[in-house]
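Notes for the one structure printed next.
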Amino acid sequence: MTDGALVCSACGAARPLADARWRCDCGGLLDVRWAGRLDPARLRNRPPNLWRYREALPIVDEAAIVTLGEGFTPLLDGRIADYAVQLKLDHLFPSGSYKDRGATVLVSAMRERGVRHAVEDSSGNAGCAIAAYCARAGIACEIYVPAATSPGKLAQIAAYGARLVRVPGDRQATAQAAWDAAQTAYYASHTWNPFFLQGTKTFAYEVAEQRGWRAPDAVVLPVGNGTLLLGAAIGFRELADAGLIDRIPRLVGVQAAACAPLAAAFRTGLAVPVPIVAGETAAEGIAIAAPARGAQILAAVRATSGTFLTVDEDEIAAAWCAMAAQGLYIEPTAAATIAGVEQFVRGMRSNEDVVSVLTGHGLKSAGKPVHAPAESA
Ligand SMILES: *Cc1c(COP(=O)(O)O)cnc(C)c1O
Ligand SMILES: [Zn+2]
């Protein structure tokens, strides 16, 4: 089986892939280096889930794989602001959000390393995903969430048998509490732990395969901690390096105007997120004021000649209504992405081939109804 390494993004130190560590001794973020590559010739007879890309996923021991049959979500032809846009239906994952892409690979890596107790912090959906896969694997986990998280997500995390820790204050306070707990337990963090991105990269694989190995011109994605965007960047880069697609799509990141540290940094040419005071937003899943991988996200978007867009609360509510009116029930955070797609397609000069995603199911936020913005005549 192919081997790999854990490489520090700050100091460059490489450590064995088998180490059960989630950050470098220098404090830097780790990335997974893995030589395994997707081979289209082997896909034909494999089941329609993301483990069909087995060789490209950095799990050495087949028996360690923790799966709920996730992935290969439909790529639906949709219409947004009168443009044809293809939508990945990632709200149809087992736990109701795209976070299962990362969780299936991360929890498999945990089982491979003999991890018995993990902690994670989340604004909701990452906690649901980690709790679901830990339940499947028989690994104990504690999920730290902001006290204001949607009740549906809290009930879901508790149902999986995870220990739920509700932290007063903002998302940053939750991250700090989990960080403290991670000094004595494995940190199954979707932001810090690099195995998560090895799962989210399958988003790019699926888009490419479902389009007959033709990359779109642009991919519009939500950005909070950037785990879907960074995964997509890794995946498209790998496919291009392997000669399976002939170009890398522009990556367009969407943030809520009330919490847009990366969009602000992008506009002003900065390499790191701008310190901000976050306002309230219905898009709780992307309300991340200080994304740990912020510098990587900005670099990834710039490397593809992409851009950032911000959407306000009225645009989010309008997009949510427009999707529901087409039979697509999503949570407000996912609607923020669609509001971004709307801005993007309206601003296009030529007719670009655009792919986007529905990241979270509407049932997640059923306790937090979305109100349509006041009609303007
Ligand atoms: C987590 C999440 C996002 C954003 O993902 P990041 O990794 O924070 O960029 C978007 N939509 C939904 C539904 C999510 O759960
Ligand atoms: Zn380091």
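Data for the structure
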{"read-out": "First in the stretch 185-196 and open to solvent by 10 Å² or more (accessible area, probe 1.4 Å), second anywhere and more than 14 Å from ligand 1 (Cβ to nearest atom) and in a loop (DSSP other than H, G, I, E, B), Cβ under 6 Å, 6 or more apart", "value": "Tyr186/Val115; Trp192/Trp22"}
{"read-out": "Residues within the stretch 28-37 that are at pLDDT 95 or above and either away from ligand 1 (no atom under 16 Å from the Cβ) or surrounded by fewer than 14 Cβ atoms within 10 Å (Cβ to Cβ) (or both), tallied", "value": "5"}
{"read-out": "Selected residue (criterion: farthest from ligand 1 (Cβ to nearest atom)) from residues of the stretch 38-56 that are among the hydrophobic types (A, V, I, L, M, F, W, C) and in contact with a Lys or Arg (Cβ under 7 Å, 6 or more places away or on another chain)", "value": "Leu43"}
{"read-out": "Yes/no for Arg113 being surrounded by fewer than 20 Cβ atoms within 10 Å (Cβ to Cβ) and over 21 Å from Ala335 (Cα atoms)", "value": "yes"}
{"read-out": "Some residue of the stretch 122-133 being farther than 19 Å from Gln198 by Cα, touching a residue at least 40 places away in the same chain (Cβ under 8 Å) and away from ligand 2 (no atom under 16 Å from the Cβ)", "value": "yes"}
{"read-out": "Residue list for the stretch 19-37, restricted to those being under 22 Å from Asp241 (Cβ atoms), of a type outside the set (Val, Ile, Thr) and more than 10 Å from ligand 2 (Cβ to nearest atom)", "value": "Asp31, Arg33, Trp34, Ala35, Gly36, Arg37"}
{"read-out": "Residue in the stretch 229-236 that is under 30 Å from Thr304 (Cα atoms), within 16 Å of ligand 2 (Cβ to nearest atom) and surrounded by 18 or more Cβ atoms within 10 Å (Cβ to Cβ) present", "value": "no"}
{"read-out": "Tally, over the stretch 336-352, of residues that are charged (D, E, K, R) and loosely packed, with under 15 Cβ neighbours inside 10 Å", "value": "2"}
{"read-out": "Qualifying residues in the stretch 315-328 (those that are part of a helix (DSSP H, G or I), in contact (Cβ under 8 Å) with a residue 40 or more places away in the chain and over 22 Å from Ala218 (Cα atoms)) - the one least open to solvent (accessible area, probe 1.4 Å)", "value": "Ala317"}
{"read-out": "Boolean, Leu68 is touching a helix residue (DSSP H, G or I) at 6+ places or on another chain (Cβ under 8 Å), part of a loop (DSSP other than H, G, I, E, B), open to solvent by 60 Å² or more (accessible area, probe 1.4 Å) and not small (Gly, Ala, Ser)", "value": "yes"}
{"read-out": "Residue that is within 16 Å of ligand 2 (Cβ to nearest atom) and more than 19 Å from the chain's Cα centre (by Cα), where the choices are Pro16, Pro40, Pro47", "value": "Pro16"}
{"read-out": "Members of the stretch 70-102 that are among the hydroxyl-bearing types (Ser, Thr, Tyr) and more than 14 Å from ligand 1 (Cβ to nearest atom)", "value": "Tyr83"}
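The values are calculated or read from the model by the stated rules, or taken from the named source; none is laboratory data. Everything numeric here is computed off the predicted structure, so don't read it as measured data. As a convention, Cβ positions derive from the backbone with ideal geometry for all residues, glycine included, and neighbour counts pool all protein chains shown. Note: accessible area is taken over every heavy atom of the protein model, side chains too, but ligands, DNA and RNA are not part of it. Shrake-Rupley method; radii C 1.70, N 1.55, O 1.52, S 1.80 Å.
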